[in-house]
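Here the structure comes first, spelled out in structure tokens, and everything after it is commentary.
Every read-out reported here was derived from the displayed coordinates using simple, explicitly stated rules and does not represent laboratory data. The structure presented is a predicted model; accordingly, all values stated were derived computationally and were not measured. Here the Cβ is made from the backbone with ideal geometry for all residues, glycine too, and neighbour counts use every protein chain on show.
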Amino acid sequence: MYFLVNVEWDLHRHHASLEQLRAWAQGPGATAYHGLPGVVLKAWYSNPQYGVWGAVYLVEDPQALDAERLPRTVADRTGPIGTPPDRVKWHVLEQTVLGGTHLDHVLPPHLLARPAPGFHSEEEN
């Protein structure tokens, strides 16, 4: 079983800028989370209009996100914000499907479903 985990911080409550968070996610954050056992994928996102910074995890092991297993990248913290997220939501992954972008280099084959009905790849034509 796989899980999608959504975590968010309200930047109005924390002392970190989007520029600082983006630089961290593209550098030390990406390096630290690359190959983390039990985590298939981590994607960071922001919503500047609402002052939100967040991440989506695709995990195969719920314990992969236990606080003691997360990488420490900034002064013994998991990131520049340094506090647990304001919101955490866990979801069971039910199905995946590819759109127009191929993620086969990102996701393992057993997580990739067949294309949606009516979709034909260039290889099939």
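Name every residue in the range 1-22 that is without any contact (Cβ under 8 Å) to a residue 24 or more places away in the chain and of a type in the set (Val, Ile, Thr), in order of residue number.
Matches in the range 1-22: none.
Would you check which residues across the range 17-35 are crowded, with 17+ Cβ neighbours inside 10 Å and of a type outside the set (Phe, Trp, Tyr) and list them?
21, 25, 29, 32
Does residue 41 fit the bill of being under 16 Å from residue 1 (Cβ atoms), touching a residue at least 24 places away in the same chain (Cβ under 8 Å) and among the aliphatic types (A, V, I, L, M)?
Yes.
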